[in-house]
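Here the structure comes first, spelled out in structure tokens, and everything after it is commentary.
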Amino acid sequence: MTILQSLVQRYLQYFGEQYVLIQAPGRINLIGEHTDYNNGWVLPAAIDRYMYFVLGKNDRQQEMTLYSPHFDQTVTISLQQQDLEKQPEELPFWAKYLEAVVLEMQARGHHIMGVHGVLHGDIPTGAGLSSSAALCSGFIFGLAYFNQLSISRLEMALIAQAAEHRVGLNCGIMDPYASLHGKANHLILLDCQTNHSSYVPLHLSEYSLVLIDSKVKHSLAADSSYNERRQSCERAVGTIKAVHPQVNSLRNVDFTLLRQFENQLDAIDYKRAKYVLEENQRVHYTIAALLQNRLATVGQYLYQSHYGLQHDYEVSIPELDLLVDLTKPFHEVLGARMVGGGFGGCTINLIKTSSKDHILDKIIESYYLATSIIPEVYEFKLVDGVHIHPLFKV
Ligand code: GLA
């Protein structure tokens, strides 16, 4: 039985009537890390790892009941504002995102009636592949569907981002945007200042992109490091803005201007801001190289991005650095870097397809010898954003 069949069966067993099955993809990001909340550029794509929701209309209109077979937990979320604010019992962490979605939609004036359902995912959690953004995005899509709300995909992404803020991560818009706007075989070039995007077809000829999971799990929402990086950038902007009021984000700062403030900025804040400016530039260089099929150059930008994340932005960890370093002796690997917020999770690797299995075996072996951790390789396809599964709609 497939994962989808078993979820539908669970749904029928618990709730027993009409349902839709929604799938919300996770994402990779080719380049443009920690640039989204600095109004910069990112180059993500939705991948064929999903959060699945089997949802139906709930007769008890003032609450929703949701079951996670993975955790074997059922939660009931009240839709009455006063109950939500009282927060009678501690919700499990996955349900906190759902509750935050409800609160955020209500705060934006969307009238929501109850749904019930079963949810499950095959996006590895804590791996930098945006399982929480997929959770929020798929749920928002489902609530909009059942309540006949006409909400654009951009607004859904903004709601998902705000829901993550409510849970405690001051993230940018990249992850839910990618989950909601993905397109098969395409990357998304997103300008996080205007929230406009365009699709870039991904043609890698005899090369492949592959993820290697360090298996060091990290919840960005559970510690302050991510939010501290954001604060560093905002402090740098604040200092520059005091002299140049037109500067609202690092997007409005170029290298010459930043250098003029080197002595006034805290050394760490300066280093963080410099990384952001460089990474934004790399996104554009990468696009140019991709469009001209200069894949070796794309690979060099991936390595440079990792170097910046390791030494200047300091969001990498030794295990991710090791995975990247292990690729370097192989001329069939054009580039590699950590992906997502950092502090754990995966690297993304640009590898010659014909040598892939052999090289991955070598990397897995060396990584295991050094860390006693067995890393996991994820192959993936670039897919469409959140949608209703066509075969499972009654
Ligand atoms: C996390 C955040 C994103 C983005 C990345 C880093 O995934 O949710 O908004 O900042 O980290 O690029």
For region 24-40, name all the residues that are buried (at least 24 other Cβ atoms within 10 Å of the Cβ), more than 12 Å from the chain's Cα centre (by Cα) and outside any loop (DSSP other than H, G, I, E, B).
Asn38
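Among the candidates Asp59, Asp48, which residue alone is open to solvent by 10 Å² or more (accessible area, probe 1.4 Å) and part of a loop (DSSP other than H, G, I, E, B)?
Working: Asp48 fails: part of a loop (DSSP other than H, G, I, E, B).
Step by step, each of Asp59, Asp48 is checked, and only Asp59 is open to solvent by 10 Å² or more (accessible area, probe 1.4 Å) and part of a loop (DSSP other than H, G, I, E, B).
With the requirement that a residue be touching a helix residue (DSSP H, G or I) at 6+ places or on another chain (Cβ under 8 Å) and open to solvent by 10 Å² or more (accessible area, probe 1.4 Å), what does region 121-134 give you?
First pass over region 121-134, keeping only residues touching a helix residue (DSSP H, G or I) at 6+ places or on another chain (Cβ under 8 Å): 121-125, 130, 132-134.
If the condition is that a residue be touching a helix residue (DSSP H, G or I) at 6+ places or on another chain (Cβ under 8 Å) and open to solvent by 10 Å² or more (accessible area, probe 1.4 Å), then Gly121, Asp122, Ile123, Pro124, Thr125, Ser130, Ser132 are the ones that fit.
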Residue list for region 214-273, filter: under 30 Å from Ile363 (Cβ atoms) and more than 15 Å from the ligand (Cβ to nearest atom):
Ser214, Lys215, Val216, Lys271
Test set (1) more than 16 Å from the ligand (Cβ to nearest atom); (2) open to solvent by 20 Å² or more (accessible area, probe 1.4 Å); (3) in a loop (DSSP other than H, G, I, E, B); (4) in contact (Cβ under 8 Å) with a residue 12 or more places away in the chain - Gln148 fails condition number
(4)
Among (1) open to solvent by 20 Å² or more (accessible area, probe 1.4 Å); (2) within 30 Å of Glu379 (Cβ to Cβ); (3) out of contact with any helix residue (DSSP H, G or I) (no Cβ under 8 Å at 6 or more places or on another chain), the one test that Arg259 misses:
(2)
What are the residues in region 29-39 that are touching a strand residue (DSSP E or B) at 6+ places or on another chain (Cβ under 8 Å) and within 11 Å of the ligand (Cβ to nearest atom), if any?
Asn29, Ile31, Gly32, Glu33, Thr35, Asp36
Across region 361-394, the tally of residues that are surrounded by fewer than 20 Cβ atoms within 10 Å (Cβ to Cβ) and part of a helix (DSSP H, G or I) stands at 9
So Ile374, is it more than 16 Å from the ligand (Cβ to nearest atom) and more than 29 Å from Ala24 (Cα to Cα)
no
Out of all the residues in region 177-190, is one or more among the charged types (D, E, K, R) and part of a loop (DSSP other than H, G, I, E, B)?
yes
Count of residues meeting criterion [open to solvent by 50 Å² or more (accessible area, probe 1.4 Å) and farther than 20 Å from Pro44 by Cβ] in region 301-318
5
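For (1) within 16 Å of the ligand (Cβ to nearest atom); (2) open to solvent by less than 30 Å² (accessible area, probe 1.4 Å); (3) outside any helix (DSSP H, G or I); (4) outside the structural domain of Cys346 (by TED's automatic domain parsing), each residue gets a yes or a no:
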| position | (1), (2), (3), (4) |
| --- | --- |
| Thr65 | no, yes, yes, yes |
| Leu91 | no, yes, yes, yes |
| His110 | no, no, yes, yes |
| Met113 | no, no, yes, yes |
| Val118 | no, yes, yes, yes |
| Ala160 | yes, yes, no, yes |
For the list (1) surrounded by fewer than 22 Cβ atoms within 10 Å (Cβ to Cβ); (2) closer than 30 Å to Leu302 by Cα, I need the number of the one condition that Phe15 fails.
(2)
Quick one: is Ser316 within 16 Å of the ligand (Cβ to nearest atom), more than 21 Å from Val253 (Cβ to Cβ) and among the small types (Gly, Ala, Ser)?
yes
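The values are calculated or read from the model by the stated rules, or taken from the named source; none is laboratory data. Keep in mind that what you see is a predicted model, and the values were worked out from it rather than measured. Cβ atoms come from the backbone with ideal geometry, glycine included; neighbour counts cover every protein chain shown. Ligands, DNA and RNA are stripped out before the accessible areas are found, and what is left, the full protein with its side chains, is counted by its heavy atoms. Shrake-Rupley method; radii C 1.70, N 1.55, O 1.52, S 1.80 Å.
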